[in-house]
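The values are calculated or read from the model by the stated rules, or taken from the named source; none is laboratory data. Worth saying up front: this structure is predicted, and the values here are computed from it rather than measured. Don't worry about glycine lacking a Cβ; one is built from the backbone with ideal geometry, like all the others, and counts go over all protein chains shown.
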Amino acid sequence: MAAQITAAQMGADVQNRLVNDPSNPNNCACGWYVYYSSVCGHAYQEVPYRCGARTTPSGKSGFCKTPAPKHIVPAPQINAQCQYC
């Protein structure tokens with residue numbers, strides 16, 4: 001059984017799951033990190049991570065590549081049902 005965290009912990013936990021992606025410029029970790037539910041097994045939520053190297057026209061941090069890569073987070077899983085169950 002995979003380790004479990006609460007939904008509130010995802011934002012902080014993503015920092016521990018970053019993956020340097022060769023499809024990104026400079027092999028950065030930008031992308032969507034997909035967390036799964038330990039209750040139903042479905043995707044629970046996708047958490048964005050932006051390295052800060054690029055900015056959008058409005059001045060916010062943006063992904064280095066569009067579309068941004070997706071990374072599956074195998075563990076930990078979220079201790080809650082997905083929104084569809």
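Among the conditions (1) under 20 Å from Asp21 (Cβ atoms); (2) surrounded by 13 or more Cβ atoms within 10 Å (Cβ to Cβ); (3) modelled with pLDDT under 95, Pro74 misses just one, which is (2).
Checking each residue in region 23-42 for being more than 11 Å from the chain's Cα centre (by Cα) and either closer than 22 Å to Ala12 by Cβ or touching a residue at least 12 places away in the same chain (Cβ under 8 Å) (or both) picks out Ser23, Asn24, Pro25, Asn26, Cys28, Ser37, Ser38, Val39, Cys40, His42. Filter region 1-22 down to the residues that are touching a helix residue (DSSP H, G or I) at 6+ places or on another chain (Cβ under 9 Å), more than 24 Å from Gln81 (Cβ to Cβ) and touching a residue at least 12 places away in the same chain (Cβ under 8 Å) and list them by number. Selection gives Asp21 alone. Taken over region 3-58, the criterion of being in a loop (DSSP other than H, G, I, E, B), surrounded by fewer than 18 Cβ atoms within 10 Å (Cβ to Cβ) and among the basic types (Lys, Arg) is satisfied by no residue.
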